Amino acid sequence: MGKKIETIGVLTSGGDAPGMNAAIRAVVRKALSQGLKVKGIYQGYKGLLNEEIVDLDARAVSDTISKGGTILYTARCSEFRTAEGQDRGAEVCRKHGIDGLVVIGGDGSFAGAQQLAARGINTIGVPGTIDLDISCTDYTIGFDTAVNTAMEAIDKVRDTSTSHERCSIIEVMGRNAGYIALWCGIANGAEDILLPERYDYDEQVLINNIIHNRKRGKKHHIIINAEGIGHSTSMARRIEAATGVETRATILGHLQRGGSPTCRDRVYASVMGAYAADLLVEGKSNRVVAYRDGQYTDLDIDQALSMQKDLPDYVVRVAKAMTI
Ligand code: ADP
Ligand code: F6P
């Protein structure tokens, strides 16, 4: 149990994710309702070092729950990876009276929060990333919106792919993780799904599948490729040359990070943001809010960052079974 908190800060860091605004709103309103003052820090750790800090009242977060992106903006900040940057970050917090900080982002952002906690600023991490690649939690804010956005986009590519009787390789985000690819692979009924965690694909097998499906009269062939595998454009060229089937690559890119958050993202983000404010009120520090086994919970950041997770094996096997 740590010291009593009077003023908290909130920032978003790393890649933005739909639902971050719902989380900010919940932090602000839950903290205000418990008598705390709240400050918003623009552009993640970069804005902290530049002292881009504003007071937030309940109205400052009005009309934000349905908005994509983050009203606090976000950034990546290499200076904050250094001990000097972290010392200065803690100093800036003290100068502005910020004794507790909610950091909404991914593992990298939590590593920064851990450093601030070690320097006496009570910090709580909230998992915000479309990639779902935070090991300590089954849910990350933004994933649900991103997979729904990608799914709709892939349905559209499929229409044109069918009309032209083409093969389409569609590359989805996820950094080194294959969660978005796996979910879209199932949801879009892809013929092949390439996952970085199961880097066992053989281009000849893909080629054979395409030729086989063509002989069976299939009008399209959708391959979902994860960003962690990449090289979709060169893969398309090789596949077209080997199969004689016109093949196009579509890299969905940043459209997957934008848009109004789904109901699920708004609700989970609201609960997680409020939970983070409560942890600060209780004097907790160096914790990450998580959703595990159907429950909201919190873990020590050190433990959270040492954890590993993998794609659910049964789901991967189901996905493969669906592609025959
Ligand atoms: P994410 O939070 O989504 O994993 P990044 O890995 O880009 O995204 O991290 C976001 C920011 O967090 C970085 O730009 C940097 O400012 C900070 N950060 C990342 N790793 C560390 C670290 N090991 N120590 C301190 N700060 C870090
Ligand atoms: O972490 C979210 C994410 O969109 C990843 O899926 C992707 O690898 C990365 O961020 C892209 O980062 P940037 O916006 O800097 O291009």
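Given the structure, is Ile98 in a loop (DSSP other than H, G, I, E, B), within 11 Å of ligand 1 (Cβ to nearest atom) and either open to solvent by less than 20 Å² (accessible area, probe 1.4 Å) or not small (Gly, Ala, Ser) (or both)? No: the conditions fail for Ile98. Restricting the range 244-272 to residues that are assigned to a loop (DSSP other than H, G, I, E, B) and not hydroxyl-bearing (Ser, Thr, Tyr) leaves a set whose member that is surrounded by the fewest Cβ atoms within 10 Å (Cβ to Cβ) is Gly244.
Here the strands (runs of 3 or more DSSP E) wholly within the range 6-64 that include at least 3 residues being touching a residue at least 40 places away in the same chain (Cβ under 8 Å) and open to solvent by less than 30 Å² (accessible area, probe 1.4 Å) are 7-12.
Take the conditions surrounded by fewer than 18 Cβ atoms within 10 Å (Cβ to Cβ), of a type in the set (D, E, K, R) and either within 16 Å of ligand 2 (Cβ to nearest atom) or modelled with pLDDT of 95 or more (or both) and apply them to Glu171. Does it pass? When the stated conditions are applied, Glu171 does not pass them.
Assess whether Gly35 counts as being modelled with pLDDT of 95 or more, over 14 Å from Gly97 (Cα atoms) and within 16 Å of ligand 1 (Cβ to nearest atom). Steps first, please.
On the way: modelled with pLDDT of 95 or more: yes; over 14 Å from Gly97 (Cα atoms): yes; within 16 Å of ligand 1 (Cβ to nearest atom): no.
No: the conditions fail for Gly35.
Tell me yes or no: at least one residue of the range 252-259 is modelled with pLDDT of 95 or more, closer than 15 Å to Asn209 by Cα and not aromatic (Phe, Trp, Tyr). Within the range 252-259, none of the residues are modelled with pLDDT of 95 or more, closer than 15 Å to Asn209 by Cα and not aromatic (Phe, Trp, Tyr).
State the number of residues belonging to the range 301-324 that are closer than 28 Å to Ala26 by Cβ and open to solvent by less than 50 Å² (accessible area, probe 1.4 Å). Working first, answer last.
Step one: list which residues in the range 301-324 are closer than 28 Å to Ala26 by Cβ, which gives 301-307, 309.
From what's left, open to solvent by less than 50 Å² (accessible area, probe 1.4 Å): 301, 304, 307.
Of the residues in that region, 3 qualify.
So which residues in the range 179-195 are closer than 14 Å to Ala153 by Cα and either free of Cβ contacts under 8 Å to residues at least 60 places away in the same chain or within 16 Å of ligand 1 (Cβ to nearest atom) (or both)? Steps first, please.
Of the residues in the range 179-195, the ones closer than 14 Å to Ala153 by Cα are 180-181, 183-185, 187-190.
Listed by number, the residues that qualify are Ile180, Ala181, Trp183, Cys184, Ala187, Asn188.
In the range 65-81, the residue that is least open to solvent (accessible area, probe 1.4 Å) out of those that are of a type in the set (Lys, Arg) and within 16 Å of ligand 1 (Cβ to nearest atom) is Arg76.
Among the residues in the range 56-69, are any at pLDDT below 95, of a type outside the set (D, E, K, R) and closer than 26 Å to Val281 by Cβ? The answer is yes, given that some residue of the range 56-69 is at pLDDT below 95, of a type outside the set (D, E, K, R) and closer than 26 Å to Val281 by Cβ. Of all residues being polar (S, T, N, Q), within 14 Å of ligand 2 (Cβ to nearest atom) and assigned to a helix (DSSP H, G or I) in the range 103-148, which is nearest to Ala83 (Cα to Cα)? Just the residue, please. Among residues in the range 103-148 that are polar (S, T, N, Q), within 14 Å of ligand 2 (Cβ to nearest atom) and assigned to a helix (DSSP H, G or I), the one nearest to Ala83 (Cα to Cα) is Ser109.
For the range 115-143, residues that are of a type outside the set (D, E, K, R), open to solvent by 10 Å² or more (accessible area, probe 1.4 Å), within 11 Å of ligand 1 (Cβ to nearest atom) and out of contact with any helix residue (DSSP H, G or I) (no Cβ under 6 Å at 6 or more places or on another chain) total 2.
The values are calculated or read from the model by the stated rules, or taken from the named source; none is laboratory data. Please read all numbers here as calculations on a predicted model, not as lab measurements. Glycine also receives a Cβ, built like all others from the backbone with ideal geometry; neighbour counts cover every protein chain displayed. SASA here: full protein model, heavy atoms, side chains in, ligands and nucleic acids out. Shrake-Rupley method; radii C 1.70, N 1.55, O 1.52, S 1.80 Å.
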